[in-house]
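The values are calculated or read from the model by the stated rules, or taken from the named source; none is laboratory data. Quick caveat, the model's predicted, so the values are computed rather than measured. Glycine gets a Cβ as well: all are built from the backbone with ideal geometry, and neighbour counts include every protein chain shown. Ligands, DNA and RNA are stripped out before the accessible areas are found, and what is left, the full protein with its side chains, is counted by its heavy atoms. Shrake-Rupley method; radii C 1.70, N 1.55, O 1.52, S 1.80 Å.
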Amino acid sequence: QVQLVESGGGLVQAGGSLTLSCAASGSIFRINDMGWYRQAPGKQRELVSLITRDAKTNYADSVKGRFTISRDNAKMLVYLQMNSLKPEDTAVYYCNAQIQQRIGSYIRGYWGQGTQVTVSS
């Protein structure tokens, strides 16, 4: 009974900024990696950024220097700060979390419902 809920999407002009949030809730023992993915029309879903439990990060080449991922383990939140947005950033952004529901159990991935980000030229 795990749930991930994204928020913060919307319409912004090129060069502007948005911050996305993702809140995890439910039966959770431990959250390991968390990440943001996006999917544009006619494109496959792609990894945007990943963050480990101890805050090691990775970014897609297309967003390096513009996006910053962070997390709050106590609050079970992950954020994506997006600066210098470009029209090609337009997509539905999805939160993903690798979650262990109880001690000794396997780890599986969970997805949020997605939030739309639209960048106008």
Quiz item: Relative contact order (percent) for the chain, with alpha-carbon contacts under 8 angstrom and 6 or more residues of separation?
Solution: 36 percent
Self-check item: Estimated distance in nm for a label pair at A74 and S21, the labels positioned 7 Å out from Cα along Cα-to-Cβ
Solution: 1.6 nm
Exercise. Run the accessible area of the chain with a 1.4 Å probe and give the carbon-and-sulfur part as a rounded percent.
Key: 48 percent
Quiz item: Among G104, G65, G15, which one moves the most in a GNM of the chain with springs linking Cα atoms closer than 10 Å?
Solution: G104
Practice problem: Determine, from the Cβ-Cβ distance of R102 and K56 and an R0 of 22 Å, the FRET efficiency 1/(1 + (r/R0)^6), rounded to the nearest 0.05. | Solution: 0.30
Exercise. Tell me the chymotrypsin sites (Phe, Trp or Tyr not before Pro) within the range 90-121 that lie in a loop according to DSSP and have at most 11 other beta-carbon atoms within 10 Å.
Key: Y106
Practice problem: Please work out how much length the chain gains when fully extended from K64 to N32, using 0.36 nm per residue of separation minus the C-alpha to C-alpha distance, in nm with one decimal. | Solution: 9.3 nm
Self-check item: Those residues of the range 51-83 whose amide nitrogen sits under 20 Å from the label point placed on Q13, 7 Å along Cα→Cβ
Solution: 82-83
Quiz item: trypsin sites (Lys or Arg not before Pro) within the range 60-121: which are DSSP loop residues with at most 14 other Cβ atoms inside 10 Å?
Solution: K64, K75, R102
